[in-house]
Amino acid sequence: MTALDTNTRPRTRHVSLALIALALGGFAIGTTEFMTMGLLEEIAAGIDRTNAETGHIITAYAFGVVVGAPVIVSLGARLPKKELAIGLILALGVGNAITAVASGYLPVMAARFVAGLPHGAYFGVASLLAASLVRPELRGRAISSVMLGLSVATVAGVPASTLLGQTLGWRSAYWAVLVIAIAAAVMIFVFVPHSPANTDASVRGELAALKRPQVLFAVSAGMVGFGGLFAMYSYIAPMVTKVMDLSDAWVAAFTLAFGIGSVLGSWGAGILADWDVERSVVGGFIATALVLVAFYYSAPYVVPALLLVVGVGALGSIVAINLQIRLMDAAGDAQMLGAALNHSALNIANGLGAFFGSIIISAGYGYRATSWVGVVLASLGLLIFVAGIAFQRRTAASSRPLTPVG
């Protein structure tokens, strides 16, 4: 029996408010994850480092996500899910408070690592809680509601916190995330129903999911394929100023376009997931490759490029959310770990995409060429995912008992 079984679904009269509470936690996470990029120069001045050196604190956060997701979920598998979610979002708030008071390069970097630890684990437990609130045929929409908080953060939370940090000092933005995290914890406590602990869970049982071929296929597809998006989008600022020859002010318009696309994609991803998860991932990867090809040829033109960036943001959310549900299904009883692993994979993809993009740029092919890197990575992710489906079907066919003749 899993956490998504109808018979164990907790009852609440406030499903919408419970989903909003869980999404608010996602909003806090999305805000703290991306606002550092907008405040990079202010932070660099505050800790007396170059922008390039300060950029490593973004990597530290991503590394915290990669490490924290499997470790925290495995250790917390036997805890009640509601209380675990509250603890994780409060831990995120504490990590931001430590960042706000940290002084110096290494302490700030360590604080960002600590803040990243609860990220993936929170989305893992929040996804299970959200799915448990609704009928099985609506779980895709419930899970996408939680992820919608992350997408809305790119449109509202990040610009607002960036403006706050530029006006009152960069530390104020991290204090603001602490306030949001506390508000999310209070709402989860009030509106999310209690979910009993799984006393049969164990660290070994959770980590055993890593031996499942379909988990490995899905994680690999996410790490590689989702890197296609970041190969291009990581360099959107110089693309705007150098390729399109626009002012710095236009960068905000493109990041806003990406955020709007992410929100639309998160909304649509739930509907697509409830229709067919596998086809949604396959279609998402194919569409991502096609949009990146189109972006390469349209990059010098503002309006087409803006519209295509909306498309990139939307497709990124569709692929990410459906891969998360695929991982939850593939992980068996370790569904929380499956959902958390998706965020580890996406943060690795972030680094891989930016890394391969930088190689192409350093080789003299220009910023537009990062789109072709994205096409290659998205195509490889598609091949890995399709190979996983083929392997699953072949394994299922070989395990069927033979029908006696005569």
Do any helices (runs of 4 or more DSSP H) entirely within region 294-406 hold 2 or more residues that are of a type in the set (Ser, Thr, Tyr), and if so, which?
335-362, 370-399
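More than 15 Å from the chain's Cα centre (by Cα), at pLDDT below 85, small (Gly, Ala, Ser) and under 15 Å from Pro238 (Cα atoms): which single residue out of Ala354, Ala369, Ala334 fits that description?
Exactly one of Ala354, Ala369, Ala334 is more than 15 Å from the chain's Cα centre (by Cα), at pLDDT below 85, small (Gly, Ala, Ser) and under 15 Å from Pro238 (Cα atoms), namely Ala354.
Rundown of residues vs (1) in contact with an Asp or Glu (Cβ under 8 Å, 6 or more places away or on another chain); (2) more than 30 Å from Tyr367 (Cα to Cα), yes/no style:
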{"site": "Thr288", "(1), (2)": "no, no"}
{"site": "Val293", "(1), (2)": "no, no"}
{"site": "Arg326", "(1), (2)": "yes, yes"}
{"site": "Ala330", "(1), (2)": "no, yes"}
Are there any helices (runs of 4 or more DSSP H) wholly within region 187-284 with 1 or more residues that are crowded, with 17+ Cβ neighbours inside 10 Å and at pLDDT 85 or above, and if so which?
213-225, 227-233, 249-275
Within region 302-324, count every residue that is more than 17 Å from Ser151 (Cα to Cα) and open to solvent by less than 10 Å² (accessible area, probe 1.4 Å).
1
With respect to Ala115, is the statement that it is buried (at least 23 other Cβ atoms within 10 Å of the Cβ) and closer than 30 Å to Asp274 by Cβ true?
no
Taking the conditions exactly as written (closer than 18 Å to Ser145 by Cα, at pLDDT below 85 and in contact with a Ser or Thr (Cβ under 6 Å, 6 or more places away or on another chain)), does Ala339 satisfy them or not?
yes
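Just the residues that are touching a Ser or Thr at 6+ places or on another chain (Cβ under 9 Å) and of a type outside the set (A, V, I, L, M), please, taken from region 94-106.
Correct list: Gly95, Asn96, Thr99, Tyr105.
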Taking region 146-185 on its own, how many of its residues are of a type outside the set (A, V, I, L, M, F, W, C), modelled with pLDDT under 90 and under 18 Å from the mean Cα position of the chain (by Cα)?
3
Given the residues Ala45, Ala18, which is the only one that is of a type in the set (A, V, I, L, M, F, W, C), at pLDDT 85 or above, farther than 19 Å from Val94 by Cα and open to solvent by 60 Å² or more (accessible area, probe 1.4 Å)?
Ala45
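Take Val386 and decide whether it is in contact (Cβ under 8 Å) with a residue 24 or more places away in the chain, more than 26 Å from Ile143 (Cβ to Cβ) and open to solvent by 20 Å² or more (accessible area, probe 1.4 Å).
Details: in contact (Cβ under 8 Å) with a residue 24 or more places away in the chain: yes; more than 26 Å from Ile143 (Cβ to Cβ): no; open to solvent by 20 Å² or more (accessible area, probe 1.4 Å): yes.
Answer is no for this residue.
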Residues (basic (Lys, Arg) and free of Cβ contacts under 8 Å to residues at least 60 places away in the same chain) located in region 163-185:
none
Selection count where residues are surrounded by 20 or more Cβ atoms within 10 Å (Cβ to Cβ) and not charged (D, E, K, R), scope region 64-90
16
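Do we find that Glu41 is part of a helix (DSSP H, G or I), charged (D, E, K, R) and in contact (Cβ under 8 Å) with a residue 24 or more places away in the chain in this structure? Before the answer, list the steps.
Values: part of a helix (DSSP H, G or I): yes; charged (D, E, K, R): yes; in contact (Cβ under 8 Å) with a residue 24 or more places away in the chain: no.
In short, no.
The values are calculated or read from the model by the stated rules, or taken from the named source; none is laboratory data. Computed from a predicted structure; not experimentally measured. Note that each Cβ is placed from the backbone with ideal geometry, even for glycine, and that neighbours are counted across all protein chains shown. Surface areas here come from the heavy atoms of the whole protein model, side chains and all, with no ligands, DNA or RNA. Shrake-Rupley method; radii C 1.70, N 1.55, O 1.52, S 1.80 Å.
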